[in-house]
1. Given the residues Val276, Val231, Val240, which is the only one that is within 22 Å of the chain's Cα centre (by Cα), surrounded by 13 or more Cβ atoms within 10 Å (Cβ to Cβ) and either at pLDDT below 95 or in the same structural domain as Pro30 (by TED's automatic domain parsing) (or both)?
2. Looking only at the stretch 38-79, how many residues end up being basic (Lys, Arg) and within 15 Å of Val10 (Cβ to Cβ)?
3. Scan the stretch 232-256 for residues that are in contact (Cβ under 8 Å) with a residue 12 or more places away in the chain, more than 30 Å from Leu194 (Cα to Cα) and part of a strand (DSSP E or B) and report the count.
4. For the stretch 100-145, how many residues are of a type outside the set (Val, Ile, Thr), over 18 Å from Ala290 (Cβ atoms) and not in a helix (DSSP H, G or I)?
5. Inspect all residues belonging to the stretch 193-204 and state whether any of them is outside any loop (DSSP other than H, G, I, E, B), modelled with pLDDT of 95 or more and either surrounded by 23 or more Cβ atoms within 10 Å (Cβ to Cβ) or outside the structural domain of Ile221 (by TED's automatic domain parsing) (or both).
6. Given (1) of a type in the set (Ser, Thr, Tyr); (2) within 30 Å of Glu248 (Cβ to Cβ); (3) in contact (Cβ under 8 Å) with a residue 40 or more places away in the chain, where does Tyr201 come up short, assuming only one miss?
7. Given the residues Lys185, Lys225, which is the only one that is over 24 Å from Gly306 (Cβ atoms), out of contact with any helix residue (DSSP H, G or I) (no Cβ under 6 Å at 6 or more places or on another chain) and touching a residue at least 24 places away in the same chain (Cβ under 8 Å)?
Amino acid sequence: MVILKDALKVGVVGTGSMGRNHLRLLSTMPQFELVGCFDQDRQLSRQYASQYGITAFESPEQLFEEVDVVHIVAPSELHHDLTLAAAACRCHVLVEKPLALNPDDAQDIIDACEAEGVKLCVGHVERFNPAISSLMGIIESEELISMDFRRMSPYYQRVSDTSVVMDLMIHDIDIMNAICNEPIKRLSAHGICLYANQIDYAQALITFKSGKQASLTASRITESKIRTAKVNARTAYIDVDYLARTVEIYRKTQFALDVGYPVQYTQENIIEKVFVPMEEPLRAEFEHFAQAIINDIPIGPSGKMGKQALEICQLIEQAILEARDQS
């Protein structure tokens, strides 16, 4: 493994809308020295290289030779080959979700990074949403019963080449796995194709071996943007809004009022409103990755977790297709 004493030299492959966010943040973070970028659209690459005072490389391989870390923000079908090439140059790699198009390619990536002794982080950025970080701290002391995730969006033509399961639901699948990383006992799902030959609305119900349950709903045909997680525990109900970045905990109370004369009153639950820090999730993700490299510590959204999310996506898509064939 490469031992680094100074700022991590980093490059970005892909300068589309998400890649530009990577460039913006990396250029401001003291843990990184932004060296350059590459995009198949050379004009676009040169434009952002000029903006940030970095090099627009003529090939990904040229970039890999000059950096310690690479962020791959290219189309999903390129993730496999680009990550293998980066690992061969002994670059630590952050690759945007999904890790690959299928679990076999994901395993290739994991194996290549392990063989070269480099870190692999999958860009499941919702893991670093401060509301989710707060939730993860709360549930450490709770006995979980069930989870309900909802991720709804309007339709965007740019994502019509993949299902809503791989496009949106995968975020909540990753969080579900982080909360309850255990074998699945049963899985059922149904969905709707509305605009193209892809699933645009999906619902899944998962029962884990321990008996815990998770329901997931993802839509890109809903004219409202919704991102919520609701967790039932034995002694609490936790309500999380990703967008508003709020966390509320509802608990039973044994409160009894005795004023010495007949009185009517309503007994309500205690509501704890958790303070959620204002932090940009993408910046928190990059800081986590930098610390994992510098201190040689495990990564939360690891290659293994990225592959696991892909496997569950495939199971859900298969269950939806089977349900459609039977109807």
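The values are calculated or read from the model by the stated rules, or taken from the named source; none is laboratory data. A quick note: this is a predicted structure, and the numbers were derived from the prediction, not measured. In this analysis, Cβ positions are derived from the backbone assuming ideal geometry, glycine residues included, and neighbour counts consider all displayed protein chains.
1. Working: Val231 fails: either at pLDDT below 95 or in the same structural domain as Pro30 (by TED's automatic domain parsing) (or both); Val240 fails: either at pLDDT below 95 or in the same structural domain as Pro30 (by TED's automatic domain parsing) (or both).
Result of the check over Val276, Val231, Val240: Val276.
2. Going through the stretch 38-79, the residues basic (Lys, Arg) turn out to be 42, 46.
Remaining after also requiring within 15 Å of Val10 (Cβ to Cβ): none.
Number of matching residues: 0.
3. Qualifying residue count for the region: 10.
4. 9
5. Of the residues in the stretch 193-204, the ones outside any loop (DSSP other than H, G, I, E, B) are 201-204.
Applying the additional criterion that residues be modelled with pLDDT of 95 or more yields 201-204.
Going one step further and asking which of them are either surrounded by 23 or more Cβ atoms within 10 Å (Cβ to Cβ) or outside the structural domain of Ile221 (by TED's automatic domain parsing) (or both), we end up with 202, 204.
For the stretch 193-204, residues outside any loop (DSSP other than H, G, I, E, B), modelled with pLDDT of 95 or more and either surrounded by 23 or more Cβ atoms within 10 Å (Cβ to Cβ) or outside the structural domain of Ile221 (by TED's automatic domain parsing) (or both): present.
6. Every listed condition holds for Tyr201 apart from (3).
7. Values: Lys185 fails: over 24 Å from Gly306 (Cβ atoms).
The unique qualifying residue is Lys225.
So that you can scan it fast, the table gives a plain yes or no per residue for (1) modelled with pLDDT of 95 or more; (2) within 11 Å of His71 (Cβ to Cβ):
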position	(1), (2)
Val2	no, no
Ala7	no, no
Val10	yes, yes
Val13	yes, yes
Ser17	no, no
Leu23	yes, yes
Leu26	yes, yes
Gln31	yes, no
Tyr48	yes, no
